[in-house]
Amino acid sequence: MTCSDPGGTCFCVSMGTGPVPDKGFDLALTELLDHDGHRFLVAPGSDRGEEVLDELTTRAAADEVLNAARTDRDAAREVGTAAAQRMGRSLDTNGLRDLLYANAENPHWDDVASRCLACTNCTLVCPTCFCTSVEDVSDLTGTEMQRYRIWDSCFTNDFSYLHGGSVRASLPSRYRQWATHKLAAWVDQFGTSGCVGCGRCITWCPAAIDITAEVGAIRSGEG
Ligand code: SF4
Ligand code: SF4
């Protein structure tokens, strides 16, 4: 879906991920709601998308000139452009990977940690967080064992526990790990940022911690 109504915590334009989908979809939809009525502009992005589209009753957007110069394609472009101009947040990604690697000892990590509750909300709502842990359970007779994979978070003390203790026992090291993995190490691992700019971690943080503000503080040297 093309986003038509970004929230105050959104910054997908900064991350190059929105508000208009440009790849990785079968069908891309843009909702149009104006004086010409309520309708969707649909664009296929794959063979599977084409197949689905063939099954539907549609009309060709290119043929629809609604008034003198404005087609549905024009209207869809306007939706994307307007959404891009209404981002609630921004994040300067210029040199961000190297900036974070160079600031592992920045005192601002302590500042964030003094506010962070280690509640794990930010990792639970993040669409790219994938960390899990393993839990073993036995029955009372000890004859049956079950092993579960469960969601986990790098904000918990146990997540980095090895024999003898946690690798990241301090809260500053856990927030730093999360932010630096998202915005720096992810690029080395997967060739892309681990943050899509959805703003969910900002929305759901009970301590009002804002990844754009914290990284901005690191960049400006306020730490
Ligand atoms: S803004 Fe980035 S780090 Fe925060 S939840 Fe969205 S993708 Fe994850
Ligand atoms: S949601 Fe906020 S308080 Fe909770 S772990 Fe994340 S940064 Fe810390």
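Couple of notes before you dig in:
- Electrostatic dipole magnitude of the chain [Cβ: Lys, Arg +1; Asp, Glu -1; Cα centre; debye, to 20]: 680 debye
- Average accessible surface area per residue within the chain, 1.4 Å rolling probe, Å²: 60 Å²
- In a simple Cβ point-charge model (Lys, Arg +1; Asp, Glu -1; nothing else charged), segment 94-160 has a dipole of about 260 debye relative to its Cα centre.
- The calculated 222 nm mean residue ellipticity attributable to helices in the chain amounts to -8500 deg cm²/dmol, summing -39500 (n - 2.57) over DSSP H runs of n ≥ 4 and dividing by all residues.
- For the chain, the longest site-free run once GluC sites (Glu not before Pro) in DSSP loop states with at most 15 other Cβ atoms within 10 Å are removed: 145-221
- Farthest toward positive dipole pole in the chain [+1 Lys/Arg, -1 Asp/Glu at C-beta], among ASN121, ALA60, PRO206: PRO206
- By the beta carbon rule, with partners counted only under 4.7 Å, the chain holds these lone Cys residues: CYS3, CYS10, CYS12, CYS116, CYS119, CYS131, CYS154, CYS195, CYS198, CYS205.
- Length-normalised contact order for segment 1-135 - Cα pairs under 8 Å, 6+ apart - percent: 28 percent
The values are calculated or read from the model by the stated rules, or taken from the named source; none is laboratory data. Remember, predicted model here, so these are calculated numbers, not experimental data. For neighbour counting, all protein chains shown are included, and Cβ atoms are generated from backbone atoms with ideal geometry for every residue, glycine included. Remember, those area values only see protein heavy atoms, side chains included, never the ligands or the DNA or RNA. Shrake-Rupley method; radii C 1.70, N 1.55, O 1.52, S 1.80 Å.
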